[in-house]
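The values are calculated or read from the model by the stated rules, or taken from the named source; none is laboratory data. Keep in mind it's a predicted model, so treat the numbers as computed, not measured. No Cβ is skipped: glycine too gets one built from the backbone with ideal geometry, and neighbour counts run over all protein chains shown.
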């Protein structure tokens with residue numbers, strides 16, 4: 001605004017110049033009129049001034065968010081690939097544990113099947129080793145019992161009944177040995193025949209695969225080529241199945257062979273013991289050497305019993321643990337190619353379709369309970385550091401800017417990486433009183449959080465504060481009776497807003513500050 005004194009001076013100059021330019025009625029030239037000189041304006045009257053006042057000031061965080069379900073979760077695949085199956089549509093209700101989508105993961109599924117077979121094989125190996133140990137322990141106990149019995153008989157001498165029992169034992173042991181040889185030989189022969197059949201099946205499957213392979217190589221593109229490729233894949237699967245059958249048949253044959261050795265050996269040992277017992281009974285007066293041998297047999301049998309009880313299965317157990325670990329890894333690989341609902345809810349958004357190629361951890365499905373709503377806002381790291389959970393806030397819906405709603409910070413995002421469930425980096429704001437309003441999902445809302453409030457602060461407009469080389473100062477004007485004086489005063493600022501700044505030091509209430 002132009003000062004009043006300067007306005008008057010300009011008007012006077014215009015009037016005087018107009019009079020000087022008007023022609024005189026007399027023929028005699030008039031004397032020249034001097035041009036007036038404008039007086040310089042008072043600088044103190046031209047500069048804007050501000051008065052330091054006390055008042056309330058707030059430091060506020062204003063952010064924009066959207067109304068969203070409270071338990072909204074973004075789900076993703078833990079690995080990349082092509083979507084093979086999408087089992088849900090938008091609006092479907094699902095339950096926790098439901099498989100929502102799956103990638104094309106034939107290799108992972110096949111690896112899991114192989115891992116399952118490896119675990120089964122390792123379990124069988126451990127069970128076989130334990131069974132063999134049980135048999136060896138039982139055999140050692142039997143040998144110990146026989147050795148003790150022999151020693152006792154040598155010491156006591158046999159009776160007619162004992163001789164008859166010994167003869168019967170030899171007869172029974174002979175029949176048992178023959179039966180063991182017959183049954184185990186039959187079982188081994190059956191297993192061997194099954195193994196041969198499985199090997200023939202592998203050879204046949206290899207021939208079919210070879211024919212399909214050459215047919216695929218010669219078919220080229222087109223329908224015939226597609227048919228030949230599918231036939232090749234089917235032949236490959238049949239070949240793999242035949243190889244797995246052969247492996248199972250081989251394991252069955254190995255088990256039958258081990259069983260034959262163990263059972264026949266046990267029967268032979270029993271037969272030998274029966275023969276020795278009968279032979280010992282025929283000697284009426286045992287010699288000192290025979291007694292010493294019997295005692296040594298007892299001692300050796302006792303050692304065998306103790307050794308059988310201390311057998312370790314570390315190798316078989318380690319193999320089983322490794323197989324189980326491989327199965328767990330294969331299971332995780334399959335799970336990484338699936339999206340599983342972590343909770344009950346409704347499918348509210350889909351970002352994938354069958355045939356799409358997706359990246360690992362890219363949001364694919366949103367699942368929520370749409371009945372419970374709150375406001376979600378995206379904050380920077382610096383903004384998040386200003387907030388704490390439970391802090392009061394105020395929410396204003398874009399549709400009702402005249403009705404602020406009380407709220408609080410319900411949840412701040414935490415760090416981490418997602419596996420199946422995508423990481424939610426939003427800050428959640430809970431409205432504590434809707435005041436009769438009805439929330440709608442995806443509505444825009446303004447969230448206001450008062451970070452700091454000072455009700456009795458010294459305030460100036462931001463434009464009254466000057467900065468030089470990173471330091472803030474103001475120019476304070478005083479009138480001590482001798483004239484107007486202006487002095488630079490360094491100030492320290494507190495809360496700063498678009499309309500006011502807090503002055504922590506340097507000035508007092510009522511000070512007049514000259515603007516830049």
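In table form, for the structure just shown:
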read-out	value
The range 141-158, residues that are in contact with a helix residue (DSSP H, G or I) (Cβ under 7 Å, 6 or more places away or on another chain) and at pLDDT 85 or above	141, 143, 144, 146, 147, 148
Test for residue 413: is it surrounded by 14 or more Cβ atoms within 10 Å (Cβ to Cβ) and either without any contact (Cβ under 8 Å) to a residue 24 or more places away in the chain or assigned to a loop (DSSP other than H, G, I, E, B) (or both)	yes
Selected residue (only one of 494, 506 is surrounded by 14 or more Cβ atoms within 10 Å (Cβ to Cβ), within 17 Å of residue 54 (Cβ to Cβ), under 52 Å from the mean Cα position of the chain (by Cα) and modelled with pLDDT under 95)	494
From the options 228, 300, 259, residue that is crowded, with 18+ Cβ neighbours inside 10 Å, in the same structural domain as residue 195 (by TED's automatic domain parsing), on the phi < 0 side of the Ramachandran plot and at pLDDT 85 or above	259
Test: residue 191 is part of a helix (DSSP H, G or I), at pLDDT 90 or above, under 19 Å from residue 131 (Cβ atoms) and assigned by TED's automatic domain parsing to the domain that holds residue 113	yes
Residue count for the range 316-344, restricted to those that are loosely packed, with under 14 Cβ neighbours inside 10 Å, in contact (Cβ under 8 Å) with a residue 12 or more places away in the chain and either under 17 Å from residue 123 (Cα atoms) or not assigned by TED's automatic domain parsing to the domain that holds residue 119 (or both)	1
Selection count where residues are outside any helix (DSSP H, G or I) and farther than 14 Å from residue 330 by Cβ, scope the range 86-138	19
From 245, 197, 211, residue being at pLDDT 85 or above, touching a helix residue (DSSP H, G or I) at 6+ places or on another chain (Cβ under 9 Å), assigned to a helix (DSSP H, G or I) and buried (at least 16 other Cβ atoms within 10 Å of the Cβ)	245
Extreme residue, farthest from residue 103 (Cα to Cα), among residues of the range 314-342 that are outside any strand (DSSP E or B) and in contact with a strand residue (DSSP E or B) (Cβ under 7 Å, 6 or more places away or on another chain)	342
Unmet requirement for residue 274, which otherwise passes all of (1) at pLDDT 85 or above; (2) closer than 30 Å to residue 213 by Cα; (3) crowded, with 18+ Cβ neighbours inside 10 Å	(2)
Test: residue in the range 48-69 that is within 21 Å of residue 352 (Cα to Cα), modelled with pLDDT of 90 or more and in a loop (DSSP other than H, G, I, E, B)	no
Where residue 430 falls short, out of the listed (1) modelled with pLDDT under 95; (2) over 30 Å from residue 75 (Cα atoms); (3) buried (at least 17 other Cβ atoms within 10 Å of the Cβ)	(2)
Filter result (surrounded by fewer than 20 Cβ atoms within 10 Å (Cβ to Cβ) and modelled with pLDDT of 90 or more) within the range 359-376	359, 360, 361, 362, 363
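Rundown of residues vs (1) in contact with a helix residue (DSSP H, G or I) (Cβ under 6 Å, 6 or more places away or on another chain); (2) at pLDDT 95 or above; (3) surrounded by fewer than 16 Cβ atoms within 10 Å (Cβ to Cβ), yes/no style:
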residue: 439; (1), (2), (3): no, no, no
residue: 442; (1), (2), (3): no, no, yes
residue: 447; (1), (2), (3): no, yes, no
residue: 451; (1), (2), (3): no, no, yes
residue: 458; (1), (2), (3): no, yes, no
residue: 470; (1), (2), (3): no, no, yes
residue: 478; (1), (2), (3): no, no, yes
